[in-house]
Structure formats: structure tokens, C-alpha cells
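Read the figures in this text as sums done on the coordinates, not as results from a lab. Only a predicted model underlies this, so the values are computations on that prediction, with no experimental measurement involved. We place every Cβ from the backbone using ideal geometry, glycine too, and count neighbours over all the protein chains shown.
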Amino acid sequence: MTEKGIDFTNANPTRQSRTFLTDLVFPPDTNHHNTIFGGKVMAYVDKIACISAMRHCRKPVVTASSDSFDFLAPIKTGDAINLKAFVTCAHRTSMEVFVKVERENLLTGEKQLTARAFLTMIAIDEDGKPTPVPQVFPETEEEKLQFVQAQARYIERKNKRK
């Protein structure tokens, strides 16, 4: 199957990589402001991106990079932290994973976006060397938008490395 010159014949649908994680924020997870440590959120983001990428390619992966990570709102003690991730696009051995982080007040049901990140994951073989991954086939409007925008982010990352 092709769409606008892109061959999706050996592609996996984005839904295969969709991953969700929810956890409750306890006092040991927080700083003196009773908000979750930023490093703890980053660890959650890295972990869910890893799971999402492995679901896509069914191979071990390592984190190659994370785009700028902006904390938009705090997550407080007693809130739930909700993470959603999916692979937006794939190249020869790399995959871009989108991760969205929300806080949820479990007593009121109020949810708020707290962070968004794009991570680049590399699939590796048994010798730790990069190995090819399948392409991504976006199906929903959100997936198609992220797929198109991922191409620009990929070029930007490549230019940054030069």
C-alpha cells in the first residue's frame, strides 16, 4: 500500500505501538513543594517510550535522544500520572516516539497536560548494533499529523548533529 509516495507494504500500524501507563504519586516521589521530581517524570517518559518502540519493532531498543522537555504544569502528591505513547515514524534503524504526560486529580476527575516529549529510539541486535525496523502506518488523523510533522523533526535533529 502506498500513500503520497510512501510505501507502507511492510509497515506496522501505529496502534501496535500505543502504550499507556498510570501511576499514583506518593510523597517519596515528590520534592519539598509536594510536586513530582522532574527526573522521575523523565524516567517514566523514557520507560514508556522504550515499551512503545519495542512493541513496534519487536526488538530491544536504546534511547538515542530526547527533544526539549518542557514541564507545563506540576503533578502533586495524590495525583495520578498518566502517560500515553506511540511511534510516530520510523527510519532505517530509528523510531520517533511521542509521549504525552497528564496529571489527574482522582477525586475530581480533572486532567491537565503536564509534559510532551519526542524521543528517538534505536533498535539493536544481539551484538548491540543498530538493526532495521519496520515502517509506521498511521491510521488516525492524529497519527497522520504526527507522521508528517516527524519528517521535519527528523531533519532538524540531523542538522543539529552536524
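Peptides 21-27, 142-148 ordered by packing proxy, namely the average of other Cβ atoms within 10 Å per residue, highest first: 142-148, 21-27. Within region 40-132, the trypsin sites (Lys or Arg not before Pro) that combine a DSSP coil assignment with at most 12 other C-beta atoms in a 10 angstrom radius are ARG58, ARG92.
Between helix 38-57 and the chain there is an angle of about 30 degrees, using the helix long axis and the longest principal axis of the Cα atoms. Helix 141-161 and the long axis of the chain differ in direction by around 80°, with both axes built from C-alpha atoms.
Taken one residue at a time, the phi angles of region 116-130 give Karplus couplings (6.51, -1.76, 1.60, θ = phi - 60°) of 9, 8, 10, 10, 9, 10, 10, 7, 10, 8, 5, 9, x, 9, x Hz. Gly and Pro are set to x.
As a proxy for reagent exposure, SER94, SER52 were ordered by neighbouring Cβ count within 10 angstrom, fewest first; the result is SER94, SER52.
The modelled label-to-label distance between LYS160 and THR63, using points 7 Å beyond Cα along the C-beta direction, is 1.4 nm. Between ASP29 and ALA80, how many nm apart are label points set 7 Å from Cα along the C-beta direction? About 1.1 nm separates the two model spin labels. If the segment from THR22 to LEU113 were pulled out straight at 0.36 nm per residue, it would be longer than the present Cα-Cα gap by 31.4 nm.
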